[in-house]
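Student: To start, I am sharing the structure in question, which I have written as structure tokens.
The values are calculated or read from the model by the stated rules, or taken from the named source; none is laboratory data. The shown structure was predicted, so the numbers you read here are calculated from the model rather than taken from an experiment. Here the Cβ positions follow ideal geometry from the backbone for every residue, glycine too, while neighbour counts run over all protein chains shown.
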Amino acid sequence: MPSPTAARSASKAPRTRQRGRVKGGAAGPPIRSARGAPPVRTCVGCRERAAKSSLLRLVAAGDLLVPDPGARLPGRGAYLHRSKGCLELAQRRKAFVRALRTPGPLGATTVSEYLGGQPARPARALAPENPRDR
Ligand SMILES: [Zn+2]
């Protein structure tokens, strides 16, 4: 009769590795905007905050939404990431109407083209085909 004293694994690996505790944790105060920090705006699409300079300003011109990259146009402005995804998000939740306080929906074709960068047909008629120099 074999004795059931199976040798328990004698090798006890020391698992208690003590790392120094992370100091501070998450209890710190919110980051204060330091003096001279870039202004921050909220993207009306994804609602994330970003530096104003990285967002595109949009204003309402009549019932059309127009990009205002130079921030020169008067009136209310809405800020949006330069991404079509954010534009679609903002349109879906009617964020422009709310942000710009317009009575009706805004056409965003101009902005869409601005963000898309590439128009439907490439302007290729610029290069002269055969400059007859000689
Ligand atoms: Zn966004």
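Student: Is it the case that R41 is at positive phi, within 13 Å of the ligand (Cβ to nearest atom), under 15 Å from the mean Cα position of the chain (by Cα) and not hydroxyl-bearing (S, T, Y)?
Tutor: Numbers: at positive phi: no; within 13 Å of the ligand (Cβ to nearest atom): yes; under 15 Å from the mean Cα position of the chain (by Cα): yes; not hydroxyl-bearing (S, T, Y): yes.
It is false that R41 is at positive phi, within 13 Å of the ligand (Cβ to nearest atom), under 15 Å from the mean Cα position of the chain (by Cα) and not hydroxyl-bearing (S, T, Y).
Student: Same structure, new question: Could you say whether any residue in segment 97-111 is within 16 Å of the ligand (Cβ to nearest atom) and loosely packed, with under 13 Cβ neighbours inside 10 Å?
Tutor: Keep residues of segment 97-111 that are within 16 Å of the ligand (Cβ to nearest atom), which gives 98-99, 108, 111.
Add one more test, that the residue is loosely packed, with under 13 Cβ neighbours inside 10 Å, and what stays is 98.
Within segment 97-111, one or more residues are within 16 Å of the ligand (Cβ to nearest atom) and loosely packed, with under 13 Cβ neighbours inside 10 Å.
Student: Within segment 61-78, can you find the residues that are basic (K, R) and more than 15 Å from A99 (Cα to Cα)? Let's see the steps before the verdict.
Tutor: First, the residues of segment 61-78 that are basic (K, R): 72, 76.
Of everything in segment 61-78, just one residue is basic (K, R) and more than 15 Å from A99 (Cα to Cα), namely R72.
Student: What's the number of the only condition in (1) crowded, with 18+ Cβ neighbours inside 10 Å; (2) within 13 Å of the ligand (Cβ to nearest atom) that L65 fails to meet?
Tutor: (2)
Let's see how each residue does on (1) at pLDDT 95 or above; (2) touching a Cys at 6+ places or on another chain (Cβ under 9 Å); (3) small (G, A, S):
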site	(1), (2), (3)
A61	no, no, yes
R82	yes, no, no
T102	no, no, no
R121	no, no, no
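Student: If a residue has to be among the hydroxyl-bearing types (S, T, Y) and more than 10 Å from the ligand (Cβ to nearest atom) to count, how many in segment 68-92 make the cut? Please lay out each step first, then the result.
Tutor: Start the filter on segment 68-92 by keeping residues that are among the hydroxyl-bearing types (S, T, Y), which leaves 79, 83.
Restricting the remaining residues to those that are more than 10 Å from the ligand (Cβ to nearest atom) gives none.
So the answer is 0.
Student: When residues of segment 75-96 are filtered for being at negative phi, in contact (Cβ under 8 Å) with a residue 12 or more places away in the chain and not in a helix (DSSP H, G or I), how many remain? Full working, then the answer.
Tutor: First, the residues of segment 75-96 that are at negative phi: 76-93, 95-96.
Still in the list and also in contact (Cβ under 8 Å) with a residue 12 or more places away in the chain: 76-91, 95-96.
From what's left, not in a helix (DSSP H, G or I): 76-83.
Here the count works out to 8.
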